[in-house]
Amino acid sequence: MSSSYTNRLLRVNLSDGSIKIEKINQDWQNKFIGGRGLATKYLVAETDPKIDALSKENKLIFVTGPLTGTPAPTGARYMIVTKSPLTGAVACSNSGGYFGSELKFAGYDMIIFEGAAEKPVYLSIYNDEVALKDASEVWGKGVWETEELLKSAEGDSEAKVAAIGPAGENKVLFSCIVNEKHRAAGRSGVGAVMGSKKLKAVVVRGTKGIGVNNPTQFFEDINRSKEILKDSPVTGKALPAYGTAVLVNVMNEYGGLPAYNFRKAQFENAEKVSGETLADTRLVANKACFACTIACGRVTKLPDEASEQYIVSTSSRNWKNAGEGPEYENTWAMAPLCGVDDIDALIKANWLCNDLGMDPISYGATLACAMELYDTGAIDEKTAGMNLAFGNAEALVKMAYATGYREGFGDYLAEGAYRLSKRFGHPEFFMGVKKQEFPAYDPRSVQGIGLAYATNNRGADHLRGYTIASEIMGIPEKTDPAATEGKAALTKLFQDATGVVDSSGLCVFSTFAIGLPEIVPMINSATGSNYSVDDALKIGERIWNMEHLYNLEAGISGSEDTLPKRILEGKIPEGPTKGMVNRLSEMLPEYYKLRGWDSSATPTEAKLKELDL
Amino acid sequence: MKTLRVDISKCTACRQCELACSWHLTGSFNPAKSAIKAFVFDTIARYVPYTCFQCDEAWCMNSCPVSAISIDAKTKAKVVDKDRCVGCRVCTIACPFGTISFDSATGKVYKCDLCDGDPSCVANCPTGAITYGDVDTSSTSRMSQWALKLTDAYSVKEASL
Amino acid sequence: MAERYLILGAGASGLAAAKAIREKAPESEIYVAFSDAHPYSRMLTPYYLNSEINENALYEHNELFLKSCNAKLLAGRRAARLFAEERYVEFADGEAVGYDKLLIATGSTPINRWALFERIVSLWDFDDVRRFKEQLAKIDELIIIGSGFIGMIFANALHKIGKKITIIEKFDTILPRMLPPEAALIFEKALEDEGVNLLTGDAIKEIEEAADKITVVTSQGRRITTDMAIAAVGVKPNIDFLNGSGIKTDRGVVVDKNMRASDKSVFASGDIAQVISLNQDVSKVYPTWPEAVEQGRAAGFNMAGCDIEYPGGLLYNTVTFGSMSAASFGKIDKDTEIIKWKDASKGRFVQFWIEDGKPVGACLVGDNSRIGMLKGLIMQSKTVGNRIADNPTKFAEAFLLSNHFAGHEYKG
């Protein structure tokens, strides 16, 4: 019977060069669906949570979902699952573009990389022809040039490339894996894991195609979802028009846009870097990932005069071409958070992050932390190598380069805000959880996201429990951002449901319009499975607990389910949300209770049994 | 006569057209076997869906030694009869636009057949970048315009036509 | 009275001309004369030989085609003599047919130096092919003399039905007019992997024919004994019957840009015609199927009163053996700039010959979609050198950009 699963995984041992094709564990596939859930199960089963993330004991998993590569709207996603060198927790980093679908067309659901190579290599996949090849020609090069060179070497302009840049090679703790030059598995330093394995890139081309189990039903299901996405004001209008950057003005007006390393919750120059400004002045096209009917991708171009500013190197990087981004998170981290209002510097820094292969959220947040250190005199111009005052656009661009190459002060920035702040004696300037920097929503004025930040398994993160949808955007229902009541249940619900979406191969942005009642049928008709929405939510809960158990074993205890002092006690100084702090203590105990965990955040025996873990 | 028209300013390179077309031609989701492809020119931010524009000259049809390619009575599309095709591939080198290709898995050639008058790519394009309409209207696609230019080489200068 | 068009030859060229004439001259009389019992597509004989198609399929297309052109068929008529001034053709059976306009599309015949040997055949005429097919069960091993397009197509057809093949080629590499040596070697490896015995840089010195076998002795001293041999060393235009007609011939019938011969009522196209190349630099014969179609079509339009300039000859063809395929287009001399990409382990090769930044020739080994764009790039003579130089496998992108499909003028 046909299915959109290929049911095959590639197991590549970089230490001995062996490549094997295995059948996907069907029992695990039934229990975890695919994507994030399935890959995490493999990680949990095959590795010790206590290992060093940059050692050869760590495994790096590329995984797709059952809907990846199908015409289900947003069916583009693949995940990178591994142990994070930034947090020591489980990392599951999601990316779009075309890489995931191409892997499916080549006939694989997943790739597991083990061990480490002695010399730089890349994996070349053309259907059944899989080989590890010498990457010495591209080691040291940026992602963009690497992609062009490897496509040329393989003689296939239709091959898709996922690669690390110098940042990953240099094991910048928040380096990422980039595909199609501008799509990234961004957070938690998965790029550094790839770099530690001397794996430069994966090049894939597939011509086998995939089928679905029940085509008639499948088309009915996806067409219904496509209609809903089209009619939704978010996925049908706002996202294609302004990208996620539409949120800059929204959050700023509300008083939830952290600025100056969370000293404030509004940015006086937000207009200059808003999604509207970007669309009006720098946007040349909007772009979609594979099978995506939303097309939130921003394609931008610098005006000629700006392309000459802050030149960082004479490398092949070309500021005159169109490039992608910035999105909301990147914009926020590198502009308002750092007090920068120069949109062109922002675009450049974002492109540098894409080309060097670095998470712009963590980069911006780490720079903001450095700027606060500088502002308070903890570091000076001599240490930093340049003026690091808040708002310095030149620093934004130059430090991105320095960080990717670990040059000068960049070597410290490359460690992330947690280690940076500790190094210079001010751990209180670290704005994040479990050593990962916060994303773009102030938890003092949005209570639920604060709980999500504190409890998300991969550290401070917005994508694994995006309560903002409800608290700010009213999807599926509006809740009061300033209230704590009901937020424990809301957060758990978002976290569990997101686990399903992340395992399906769809993009979370689809959930601005559709939900599990639409997604679960698509999985069923594509694969022949028979999940109900409740089954799926249970799977989401199972995934959550599995990740959490891994973290506990890795040594990340419940005491880390917390927020920085500035968030719990440092009131927002001004604006519409003046005086607010995050009232975590009003939500966390209830959250543990709903989760079936004791007060030390350990799942009870009963809960584990219930979830078959 | 209706034909596919492409407005490249609307294309987002989502490649739903490739999924729809490959499903129509092969019964699987396989962009590699799609007759239409969204070419991505990332550095100039242009995304170009490209396929056969059913040109008048029909080099593919003229070069076929077994009459495997014929003009569909309803849609006027040049359609490959897979049962007649012997896989000689002459059409693939005769077409100067490269819009007919050989599939080594089936041993036959494939091209856009306008889906019997209800093009799948049009139905599945989320932005309306690909539409199906009259070729004489002012929104004639670039492809058609260019097709007419090339077939100028064979256009007749005689007034009687 | 309606114009009478006489077409000699019912191959690719004659048929293309008949259709073109019918389109532009709906009331005219079209006669198509051919020497066989049925009009058939010579390109299909290999598929008939190995039973992929049956005998009917060979001429079904041509008969239906000519019927739809409302052409009258003169079967079994071999043209013997042309009286250009009087405007009639005398056939071998003594019959004469007059015309207002004549198309000579009688094609070519294979060069066969070994015609006296019973066991060496050139599978050109259908009757030869049918006879050969009848003996196929008794034939296990074959030698193919010549590794050009025709040799390869028969080798492929016979290999598919399990015959053991030896190919002798006098040049150092196979397909010498289609592929440069580097590309040919990739193709050769695929042949050898399939069990073909390849003897390149070798030629026939002697033949020994026995009762049921034939032994070939080569210049390099090899002795190969097989059941039969097929001569595929080239073709020459059938211009002999034009002796004394006053029509100018060289290697073929010399025609102008309207496919007109030296007499204004006489046209020629296909294997028999000698045209100016696309590059306007040589006058030669282009004996390939797609050229025959194009030339016939241009000739037909012009015979019917149009004024169409045929763009010029381009040598292009595609060849397949097993799962390996290759295509080549145009000028593949040594003297121009070359841009290439090769991965022998993948069995892929792409090469362009560039003059002044414009592609004048291209060849490709290995499967590829959209290969027709190579023809387009050469015919349009676009300056795409730079784009292809970075990565010649990205010719599709170069094609689209140079044709403004991307809405952006590529400035080289």
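The values are calculated or read from the model by the stated rules, or taken from the named source; none is laboratory data. None of these values were measured; they are calculated from a predicted model. In this analysis, Cβ positions are derived from the backbone assuming ideal geometry, glycine residues included, and neighbour counts consider all displayed protein chains. These accessible areas exclude ligands, DNA and RNA; they are computed on the full protein's heavy atoms, side chains included. Shrake-Rupley method; radii C 1.70, N 1.55, O 1.52, S 1.80 Å.
Calculated FRET efficiency, B:S104 and C:A75, Cβ-Cβ r, R0 30 Å, to nearest 0.05? Let's see the in-between values first.
Numbers: r = 38 Å, r/R0 = 1.28.
For B:S104 and C:A75, the calculated efficiency is 0.20.
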Neighbouring partner chain Cβ atoms per residue of C:43-56, average, 10 Å criterion: 2
So if I take the centroid of the Cα atoms in the stretch A:110-145 and the same for the stretch C:1-51, what is the distance between those two points in Å? 57
Could you tell me whether chain A comes out rounded, prolate or oblate from its Cα gyration tensor? Rule is a ≥ b ≥ c as square roots of the eigenvalues, rounded for a/c under 1.5, then prolate if a/b exceeds b/c, otherwise oblate. rounded
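In the structure shown, do any of A:K160/A:K181; A:K151/A:K181; A:K59/A:K171; C:K138/C:K189 have a Cα-Cα gap over 19 Å, and if so which?
Numbers: A:K160/A:K181 10 Å; A:K151/A:K181 12 Å; A:K59/A:K171 16 Å; C:K138/C:K189 29 Å.
The answer is C:K138/C:K189.
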Mean residue ellipticity (222 nm) of the protein assembly as shown, computed from DSSP H runs ≥ 4 via -39,500 (n - 2.57), nearest 500: -9000 deg cm²/dmol
So which of A:K272/A:K301; A:K264/A:K348; B:K10/B:K37; A:K23/A:K119; A:K230/B:K2; B:K76/C:K382 end up more than 20 Å apart by C-alpha? A:K264/A:K348; A:K23/A:K119; A:K230/B:K2; B:K76/C:K382
Any idea which of A:L302, A:A185, B:A123 is furthest toward the positive side of the dipole for the protein assembly as shown, if Lys and Arg beta-carbons carry +1 and Asp and Glu beta-carbons -1? A:A185
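For the stretch A:89-208, what does the accessible surface come to per residue with a 1.4 Å probe? Please give it in Å².
On the way: 2620 Å² over 120 residues.
The answer is 22 Å² per residue.
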Tally up the carbon and sulfur contribution to the accessible surface of the stretch A:239-437 as a whole percent, 1.4 Å probe, everything protein left in place. 46
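Give me the percent of the accessible area of the stretch A:450-610 that comes from carbon and sulfur atoms, probe 1.4 Å, all protein chains in place. It would help to have the intermediate numbers written out before the result.
Numbers: 3200 of 5890 Å².
Taking all protein chains in place, the stretch A:450-610 shows 54 percent carbon and sulfur surface.
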Taking the Cα centre of each part, how many Å lie between the stretch C:288-328 and the stretch A:504-559? 59
Going highest first, how would you order A:245-257, A:525-537 by mean Cβ packing within 10 Å? A:245-257, A:525-537
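On the accessible surface of chain C, probed at 1.4 Å, how many percent belong to carbon and sulfur atoms?
Working: 7530 of 16340 Å².
Carbon and sulfur together cover 46 percent of it.
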Taking Lys and Arg as +1 and Asp and Glu as -1, residues besides A:W332 with C-beta under 12 Å from its C-beta add up to -4
Go through the stretch A:288-379 and name the GluC sites (Glu not before Pro) that are in a DSSP coil and have 13 or fewer other Cβ atoms within 10 Å of their Cβ. A:E308
With a ≥ b ≥ c taken as the square roots of the eigenvalues of the C-alpha gyration tensor of the stretch C:43-86, please select rounded if a/c is under 1.5 and otherwise prolate if a/b is larger than b/c or oblate if it is not? oblate
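What's the magnitude of the charge dipole for the stretch A:450-610 around its Cα centre, counting Lys and Arg as +1 and Asp and Glu as -1 at the beta-carbon? Answer in Debye, nearest 20.
Details: 16 positive and 22 negative charges, 60 e Å.
Here the stretch A:450-610 has a charge dipole of around 280 debye.
Answer rounded, prolate or oblate for the stretch A:450-610, using the Cα gyration tensor with square roots of eigenvalues a ≥ b ≥ c: rounded when a/c is under 1.5, else prolate when a/b is larger than b/c, else oblate.
oblate
Out of the GluC sites (Glu not before Pro) in the stretch A:452-540, which ones are loop residues according to DSSP with at most 11 other C-beta atoms within 10 Å?
Details: sites: A:E471, A:E477, A:E485, A:E518; in loops: A:E477, A:E485.
Hits after loop and neighbour filter: A:E477.
Please pull out the direction-averaged projected area of the protein assembly as shown, using the convex hull of its alpha-carbon atoms, in nm² to one decimal place.
On the way: hull surface 190.2 nm².
For the protein assembly as shown, averaging the hull's shadow over all directions gives 47.6 nm².
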Give me the inter-chain shielding for B:30-36: mean count of other chain Cβ atoms within 10 Å, whole number please. 5
Per the charge dipole of the protein assembly as shown (beta-carbon charges, Lys/Arg positive, Asp/Glu negative, Cα centre), the residue among C:T288, A:V172, B:F53 reaching farthest to the positive end is A:V172
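Apply 1/(1 + (r/R0)^6) to the Cβ-Cβ distance of C:S51 and C:K189, taking R0 = 35 Å, and write down the FRET efficiency to the nearest 0.05. Display every interim value, and only then the final one.
Details: r = 29 Å, r/R0 = 0.82.
With R0 = 35 Å, the Cβ-Cβ based efficiency is 0.75.
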Where both partners of a DSSP beta bridge lie in the protein assembly as shown, what percent of those bridges are antiparallel, to the nearest 5? 70
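Please identify every one of the trypsin sites (Lys or Arg not before Pro) in the stretch B:73-104 that sits in a loop by DSSP and has no more than 11 other beta carbons within 10 Å of its own beta carbon.
Numbers: sites: B:K74, B:K76, B:K78, B:K82, B:R84, B:R89; in loops: B:K74, B:K76, B:K82, B:R84, B:R89.
The qualifying sites are B:K74.
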Tell me, what is the per residue accessible area of the stretch B:1-92 in Å², probe radius 1.4 Å? 31
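Tell me: how much accessible area in total is hidden between B and C, 1.4 Å probe, Å², nearest 100? Show your work: numbers first, answer last.
Values: alone 9110 and 18710 Å², together 23710 Å².
Counting both chains, the buried surface is close to 4100 Å².
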Between A:A378 and C:E63, with labels modelled 7 Å along Cα→Cβ, what's the label distance in nm to one decimal, could you check? 9.3
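Using a 1.4 angstrom probe, figure out how much accessible area the stretch A:450-610 has per residue, in square angstrom, rounded to the nearest whole. Walk me through the numbers before you get to the answer.
Details: 5890 Å² over 161 residues.
Value returned for the stretch A:450-610: 37 Å² of accessible area per residue.
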Dipole axis of the protein assembly as shown (+1 Lys, Arg; -1 Asp, Glu on Cβ), positive-most option in A:T577, B:C95, A:A241: B:C95
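By per-residue mean of other Cβ atoms within 10 Å, what is the highest-first order of C:167-173, A:419-425, A:199-205, A:65-71? Intermediate results must be reported in sequence, preceding the final value.
Working: C:167-173: 20.0, A:419-425: 17.7, A:199-205: 26.7, A:65-71: 31.7.
The peptides rank, most packed first, as A:65-71, A:199-205, C:167-173, A:419-425.
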The rounded separation in angstrom of the Cα centers of the stretch A:8-39 and the stretch A:47-93 is 12
For A:K20, the aspartates and glutamates lying under 17 Å Cα to Cα, once residues fewer than eight places off in the same chain are dropped, come out as A:E46, A:D109, A:E114, A:D128, A:E129
What's the total accessible area buried between chains A and B, using a 1.4 Å probe, rounded to the nearest 100 Å²? 2200
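Based on Cβ point charges of +1 for Lys and Arg and -1 for Asp and Glu, what charge dipole magnitude is obtained for the stretch C:281-390 about its Cα centre, in debye rounded to the nearest 20?
Values: 13 positive and 13 negative charges, 86 e Å.
Computed about the Cα centre, the dipole is about 420 debye.
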Simple spin-label estimate for C:D212/C:N197, 7 Å along Cα→Cβ, in nm, reads 1.8
What is the local net charge at A:R298, summed over the other residues whose Cβ is closer than 15 Å to its Cβ (Lys, Arg +1; Asp, Glu -1)? -2
Could you sort the peptides C:359-367, A:267-275, C:121-129 by per-residue average Cβ neighbour count (10 Å cutoff), highest mean leading? C:359-367, A:267-275, C:121-129
In the stretch A:201-240, whose amide N lies under 19 Å from the spot 7 Å out along Cα-to-Cβ of B:A123? List them in ranges. A:211-230
Dipole magnitude (debye, nearest 20) for the stretch A:239-437, charges at Cβ of Lys, Arg, Asp, Glu: 540
Determine the shielding of peptide C:391-400 by partner chains: average, over its residues, the number of Cβ atoms on other chains within 10 angstrom of each Cβ. 5
